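Report on one structure; see the data block that follows.
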């Protein structure tokens, strides 16, 4: 997510005269909810389809399904969205006397309750397995050592996890990236002049691929540091903030209006570039992915976001307003946290095997896990997350 700030509404766009009424209000932006829905859908396709065992389906089905492995890039879309939304809010509120208080209290209400509840469920299961049924399950005391890392969002620093811990927490590395971003972005935007902020963002976007290359080949080879660490994945977030700053400028509005066809062709060109990188994106631990791949994805998803926001009449913007996709985007934070775990547990409990989609049983259990995930996330949003967000928004800037 990210996420990731997966369900944040854009608080305001004061000072952005070109933004439509729907964007300048405090209401949720339908197109951005649709983009969140697209992001989580890509992640689900990766984890539920591509990562499942499907070796017995034959040559072509295997290769077609394997292409969905690139769906992990939905996390990069979450990063760009988060940079755009969080960066925009901070830019609008940078002179507020309650700047830090309002920002962090809102983030606490949005991110921490459901996340810490998920950690609590894990702790209960681990303790129950260790002390109530010792030796019956392949769960050991090292499973408990991950909890402090999760609590303090350091899981993207230490990468070694036992199997059950990986099943439960694997996707949360992106939440750690987001939380580390929340520590850096607010003081940067508050205290640094806007012109220097722009230079810092551009430098971050340009230097991130080089940093990933050095980590991948020389400094920490054989690890996931280039894939998961905050400095390495900061370019997507920085690109989102840069677009948020541009979105508030009249010249950018005039540029988008005058050259709307150029914007469409540019986004199409970026998409074709993604298609050209698809083989490497489906195998993300590679030099191409950690250098060109992540940077290209950030540019593409940023361009897609601007296209959707600036050209409401385009078919892609209409697609992002599709109600089921918006609904999925609304509940995407909880979906992101729980979806992979519920899929693994469903297959383990019902089929006594890792996730697979090689036969009717495997497909049925996968669909069951998906429906359970959506049901839990919908209930969580209605009765847990939404009231907490409303409470968090009582802290005004």
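The values are calculated or read from the model by the stated rules, or taken from the named source; none is laboratory data. None of the values given here were measured: they were computed from a predicted structure. Cβ coordinates were reconstructed from backbone atoms using ideal geometry, including for glycine residues, and neighbour counts include every protein chain displayed.
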Exercise. Within the stretch 145-166, is even one residue without any contact (Cβ under 8 Å) to a residue 40 or more places away in the chain, assigned to a loop (DSSP other than H, G, I, E, B), more than 23 Å from residue 231 (Cβ to Cβ) and in contact with a helix residue (DSSP H, G or I) (Cβ under 7 Å, 6 or more places away or on another chain)?
Worked result: yes
Seminar exercise, completed: Of the residues in the stretch 282-315, those that are surrounded by fewer than 20 Cβ atoms within 10 Å (Cβ to Cβ), in a helix (DSSP H, G or I) and either in contact with a strand residue (DSSP E or B) (Cβ under 9 Å, 6 or more places away or on another chain) or without any contact (Cβ under 8 Å) to a residue 24 or more places away in the chain (or both) come to 288, 315
Problem set entry | Checking residue 211 against (1) under 22 Å from the mean Cα position of the chain (by Cα); (2) in contact (Cβ under 8 Å) with a residue 24 or more places away in the chain, the condition it does not meet | (2)
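For the stretch 145-199, enumerate the residues that are surrounded by fewer than 13 Cβ atoms within 10 Å (Cβ to Cβ) and at pLDDT 95 or above. Reasoning before the result, please.
Residues of the stretch 145-199 surrounded by fewer than 13 Cβ atoms within 10 Å (Cβ to Cβ): 148, 152, 158, 160, 163, 183, 187, 191, 193-196, 199.
Answer for the stretch 145-199, where residues must be surrounded by fewer than 13 Cβ atoms within 10 Å (Cβ to Cβ) and at pLDDT 95 or above: 152, 183, 187, 191, 193, 194, 195, 196, 199.
Those residues that are under 22 Å from the mean Cα position of the chain (by Cα) and more than 26 Å from residue 231 (Cβ to Cβ), I need them from the stretch 79-115; list them, please.
So in the stretch 79-115, the residues under 22 Å from the mean Cα position of the chain (by Cα) come out as 79-91, 103-115.
Listed by number, the residues that qualify are 105, 109, 113, 114.
Could you please find all residues in the stretch 329-354 being touching a strand residue (DSSP E or B) at 6+ places or on another chain (Cβ under 9 Å) and more than 15 Å from residue 371 (Cβ to Cβ)? Give the steps one after another, and end with the answer.
So in the stretch 329-354, the residues touching a strand residue (DSSP E or B) at 6+ places or on another chain (Cβ under 9 Å) come out as 347, 353-354.
Passing the criteria: 353, 354.
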For this session: Kindly indicate whether any position in the stretch 361-377 is crowded, with 20+ Cβ neighbours inside 10 Å and outside any helix (DSSP H, G or I).
Result: no
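Residue-wise test of (1) on the phi < 0 side of the Ramachandran plot; (2) buried (at least 17 other Cβ atoms within 10 Å of the Cβ); (3) out of contact with any helix residue (DSSP H, G or I) (no Cβ under 7 Å at 6 or more places or on another chain); (4) at pLDDT 95 or above.
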{"position": "205", "(1), (2), (3), (4)": "yes, yes, no, yes"}
{"position": "215", "(1), (2), (3), (4)": "yes, yes, no, yes"}
{"position": "223", "(1), (2), (3), (4)": "yes, no, yes, no"}
{"position": "230", "(1), (2), (3), (4)": "yes, yes, no, no"}
{"position": "233", "(1), (2), (3), (4)": "yes, yes, no, yes"}
{"position": "245", "(1), (2), (3), (4)": "yes, yes, no, yes"}
Exercise. Can you tell me which residues in the stretch 374-391 are under 21 Å from the mean Cα position of the chain (by Cα) and touching a residue at least 40 places away in the same chain (Cβ under 8 Å)?
Worked result: 374, 376, 377, 378, 380, 381, 384, 385, 388, 389
